[in-house]
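Inspection log for the structure reproduced underneath, given as structure tokens.
The values are calculated or read from the model by the stated rules, or taken from the named source; none is laboratory data. The model shown is predicted, which means the values in this text are computed figures rather than measured ones. All Cβ positions, even for glycine, are placed from backbone atoms using ideal geometry, and neighbour counts span all protein chains on display. Side chains are part of the model used for accessible areas, which takes the heavy atoms of the whole protein and leaves out ligands, DNA and RNA. Shrake-Rupley method; radii C 1.70, N 1.55, O 1.52, S 1.80 Å.
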Amino acid sequence: MTHRIFFSAGEPSGDQHGAALITALRLRLSEITLVGFGGARMAQAGCHLLADLTSHAVMGFLRPIVQLHHFYRFYRQAIAEMEHHRPDAVVLIDYPGFNWHLARAAKSRGIPVFFYGPPQIWAWARWRVRKMRRWVDHALCWLPFEQHWLAARGCSATYVGHPFFDECATAVRDPGLVTQLTADPRPLLTILPGSRDQEVHANGRSMLKVAARLRQQIPNLRVAVAAFRPHQAELMKGWAHQLDAPALVLAGKTPELIHSATCCLAVSGSVSLELLYHEKPSVILYRISPLAARIERFVRRVKYITLVNLLYHGGAQAAEIAPEDATTPPPTDALFPEFLTARDVTAEICRRLAIWLTDAEERERVVAVLRELKRSLGWEGAVDRAADWLVRQLARPQCESPEICPHSSFALHKSAMAAGSRGG
């Protein structure tokens, strides 16, 4: 029997996670057709793309409106695909907004809808849980506290673990580059300005300003920039020249540059989990406009924007740490000091990074904490668990409700929560 699955991922990270899941599904099902939205990695894994949605990845309140005509065209393509080549299931990967529309369209046509890595509605817009209840049959959660949070609000959910650790473990690194970088005993700061053009434009210059200032304090400091795309690398090179901040700027070498770093400066996002995997002390920066800074104070419901901080300081209650909570450290003093800001915080970031770049004992203390948190999460095997769950769903009559994954993750969940509670 041939199975047909419609996928939709709109972020570069979602493209990566989708590709890993598609690869796992193809190993389990000899006859399967995969179609939908994603990026180059999903296409390479065997998904027929209706469009590369990752090239339209945007954030904020106004930018999506500018691309509304593109999203409307993509939506009509999805409707035509569902009606003319009805899939057995629709698998959505994060990317709230557009994927909600696909979920509603599929649900109205009686097609099972599964969210692999549901949107973090517990953090920003909790009212959207109503959409999850109405339009999503089951959520495969990546974070240990999400299953309980969603289930408590009437949503069907299973915790499978985060796929990032599987992908980091199987990533092929350039051994020559790693040897070149690690053979040099001088400290190395790796900058990660983000995968979206919007992120690079908002944060790139500020990050290089930090690097320039740090070089005045630490003359032997090396700086590397991990760009996602070649044109972003060229942009960062130009800014580095303007700011007199010499840096090795490379595109497509993120694993090598993180692995070789003494510490990192990164934008907020799932890259924090990659930094956790590599056990790298890091500062998180995300520049926003003054208007966005005012708005986010009203819509944000959790204290931290960085997943590593939520997991470490929040544990089982990560989704309930209110911004004003006094029992946990302020964001700027968290495990990964974080700055969601509209102001210049160059001096503050430099102070934190300079400690790790010059004080090996303090750096190793943070590394030890990251290593224990990483061990406690036990995320390896998340992709296989998700693929096994989906295969079982495809074998069930569509009139039946989705099963709860036999991998209850109780022990995994318990150890992760213990680690987080310890940090709180």
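Of note:
- Once the range 367-424 is narrowed to residues that are modelled with pLDDT under 90 and in contact with a strand residue (DSSP E or B) (Cβ under 7 Å, 6 or more places away or on another chain), the residue that is surrounded by the most Cβ atoms within 10 Å (Cβ to Cβ) is 402.
Residue-wise test of (1) in contact with a Gly (Cβ under 9 Å, 6 or more places away or on another chain); (2) at pLDDT 95 or above; (3) aliphatic (A, V, I, L, M).
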| site | (1), (2), (3) |
| --- | --- |
| 56 | yes, no, no |
| 73 | no, no, no |
| 82 | no, yes, yes |
| 85 | no, yes, no |
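- Residue 92 open to solvent by less than 10 Å² (accessible area, probe 1.4 Å) and within 24 Å of residue 319 (Cα to Cα): yes
- Enumeration of residues in the range 101-116 that are surrounded by fewer than 21 Cβ atoms within 10 Å (Cβ to Cβ) and either among the hydrophobic types (A, V, I, L, M, F, W, C) or within 27 Å of residue 322 (Cβ to Cβ) (or both): 105, 111
- Residue, surrounded by the most Cβ atoms within 10 Å (Cβ to Cβ), within the range 316-348, restricted to residues that are outside any loop (DSSP other than H, G, I, E, B) and of a type in the set (Gly, Ala, Ser): 318
- For the range 232-278, the tally of residues that are within 17 Å of residue 201 (Cα to Cα) and among the basic types (Lys, Arg) stands at 1.
- Residues of the range 257-276 classified as open to solvent by 10 Å² or more (accessible area, probe 1.4 Å) and more than 22 Å from residue 170 (Cβ to Cβ), total: 2
- Sub-8 Å Cβ pairs linking a first residue in the range 105-131 that is touching a residue at least 60 places away in the same chain (Cβ under 8 Å) and closer than 21 Å to residue 14 by Cα to a second residue that is open to solvent by 40 Å² or more (accessible area, probe 1.4 Å) and in a helix (DSSP H, G or I), at least 6 apart or interchain, are 124/299; 125/299, ordered by first then second residue.
- Residues (open to solvent by 60 Å² or more (accessible area, probe 1.4 Å) and in contact (Cβ under 8 Å) with a residue 40 or more places away in the chain) located in the range 349-366: 358
- Flag for residue 313 being open to solvent by 10 Å² or more (accessible area, probe 1.4 Å), farther than 30 Å from residue 129 by Cβ, assigned to a helix (DSSP H, G or I) and in contact with a helix residue (DSSP H, G or I) (Cβ under 7 Å, 6 or more places away or on another chain): no
- Those residues of the range 189-208 which are without any contact (Cβ under 8 Å) to a residue 40 or more places away in the chain, under 17 Å from residue 347 (Cβ atoms) and open to solvent by 10 Å² or more (accessible area, probe 1.4 Å), in sequence order: 205
- Of all the listed residues (357, 340, 335), the sole one being touching a strand residue (DSSP E or B) at 6+ places or on another chain (Cβ under 6 Å) and either at pLDDT 95 or above or on the phi < 0 side of the Ramachandran plot (or both) is 340.
- If you go through the range 33-49 and pick out every residue that is open to solvent by 30 Å² or more (accessible area, probe 1.4 Å) and of a type in the set (A, V, I, L, M), you end up with 3.
- The one condition in (1) outside any strand (DSSP E or B); (2) open to solvent by 10 Å² or more (accessible area, probe 1.4 Å); (3) within 24 Å of residue 325 (Cα to Cα) that residue 279 fails to fulfil: (3)
A quick yes/no check of all residues on (1) crowded, with 16+ Cβ neighbours inside 10 Å; (2) closer than 17 Å to residue 386 by Cα; (3) of a type in the set (Gly, Ala, Ser); (4) over 21 Å from the mean Cα position of the chain (by Cα):
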residue: 99; (1), (2), (3), (4): yes, no, no, no
residue: 118; (1), (2), (3), (4): yes, yes, no, no
residue: 127; (1), (2), (3), (4): no, no, no, yes
residue: 142; (1), (2), (3), (4): yes, yes, no, no
residue: 157; (1), (2), (3), (4): yes, yes, yes, no
residue: 166; (1), (2), (3), (4): yes, yes, no, no
residue: 183; (1), (2), (3), (4): no, no, yes, yes
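- Here is the figure for the range 137-164: residues that are touching a residue at least 60 places away in the same chain (Cβ under 8 Å) and among the small types (Gly, Ala, Ser) total 2.
- Meeting the requirement of 1 or more residues that are of a type in the set (Phe, Trp, Tyr), the helices (runs of 4 or more DSSP H) wholly within the range 113-225 are 129-135, 146-151, 164-170.
- Evaluation of residue 302 against (1) open to solvent by 30 Å² or more (accessible area, probe 1.4 Å); (2) in a loop (DSSP other than H, G, I, E, B); (3) of a type outside the set (D, E, K, R); (4) within 24 Å of residue 164 (Cβ to Cβ) (one fails), failing number: (1)
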